[in-house]
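Have a look at the structure below, then the notes.
The numbers here are math on the coordinates, done by the rules we state, and not lab data. Owing to the predicted nature of the structure, the values given are computational and were not obtained by experimental measurement. Cβ placement follows ideal geometry from the backbone for every residue including glycine, while neighbour counts extend to all protein chains displayed.
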Amino acid sequence: MKRALIVLACIIAVAGGLYVAGSKWAIRHDTLELFDATRQRPVAVDLAVRRDYETRANEGTRILPVAIISNGNTVKNTEYSFLENVLAARGYLVASIQQDLPSDPPLVTKLGQPYVGRLEVYKRGEANIIFVLGELKKVQPNADYNHLTLVGHSNGGDIAMFTAKEHPELVSKVITLDNLRVPFVLNDKMKILSFRSDDPNFKADPGVLPTPEQAKAEGIDIVKTPFQHTWMSDRGPENAREQIQSTLNKFLGESAASDLSPVPTDNLLITKMGPGPYP
C-alpha cells in the first residue's frame, strides 16, 4: 500500500509538472503597437492568452476574464512575463501596458500635493488603461471587460489602485507589488492582494497601507516578503518570482477553468514569506 501511494504521488507530481509546462507552452504572446490619436500617444501592449481558451472565446463558447498589468517606473512592460504566465494559464486575457515613455517628464515628489505631485501620472495611466480596453474589445469581443483584474508594480501599482478608485464598477480585483503612493481602495466588493518588499529604500507613504482592522474588514490580503523592490519583476531571482507566482495562484482561486467567481474571504493571506535563501 505504501509503495502504491508513493507511485500515485509521483504520477500526480509529474502530471502537475506537465500541466504547468503545457500551459506555458500553450500561451500565445503578441505585441500590440497602439496609438491613441486623441492624446497623440503611442501605447505598447504585451498580450498573453492561452491558445485553447482563446479558440473557445473566438467560437463564442467562453468568456475570457481580463487582467491589465501596469509596469513600474523604468521597468519595461515586457518584464512581467512571470505574472502574465500565471494569469494567462488560468484563462485570463492579459494585457501588459507600457505606461511611461522616454519623452515623459520624470517622476517628481511634491509634498503637500495629492499623491506627492504625481496625480497627472496616475491620470495618464488611467487613460492608457481605458484606451487599451477599447482596443481590446475590437480584437476580442468575447471577454469580460466589466470585472477587471488590475495588476501593477511600484508606480504601476499606484496606477492600478488609482484606476480602481476611479472605476470601482469595472474592477473586481487589484494586485499590487510594492505600490507606495496611492492609498488602498476600501471596498469589500473588491478583492485586493499586495506584495510588500523588505527594502529600506522603498517605503510606503503614510496612509497608503490599510490598518490591520481595515484589511480584515475589507478583505485585503497583505503579503510581507523578504524581497527587494526591484525583484518584483522578471529582473528578480527565480525563487522570488516562484513564491510570488504561488501566492498569486492561490489568491486567484483553485479552479483553472474560471476566475469570474469571487475569491473566498474567510482565509485572508495576511502573512509573511520565508527568508530565502536569495542571492
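When you filter the trypsin sites (Lys or Arg not before Pro) in the stretch 139-189 for DSSP loop state and at most 14 other Cβ atoms inside 10 Å of their Cβ, you are left with Lys189. The calculated FRET efficiency for the pair Lys189 and Glu238, based on their C-beta separation and a Förster distance of 35 Å, comes to about 0.50.
Relative protection proxy for 32-40, 132-140, from highest mean packing down: 132-140, 32-40 (other beta-carbon atoms within 10 angstrom).
Note on Arg41 and Lys110: the extension gain reaches 22.3 nm, defined as 0.36 nm multiplied by sequence separation minus the Cα-Cα distance.
Arranged by the count of other C-beta atoms within 10 angstrom, fewest first, what order do Ser154, Ser246, Ser81, Ser197 take?
Values: Ser154 25, Ser246 12, Ser81 19, Ser197 22.
Going from least to most buried by this count: Ser246, Ser81, Ser197, Ser154.
Under the simplified labelling scheme, the Thr61-Ala127 pair shows an inter-label distance of 4.3 nm, with each label point 7 Å from Cα along Cα→Cβ.
Placing pseudo-labels 7 Å out from each Cα toward the beta carbon at Lys216 and Asn249 gives an inter-label distance of 3.1 nm.
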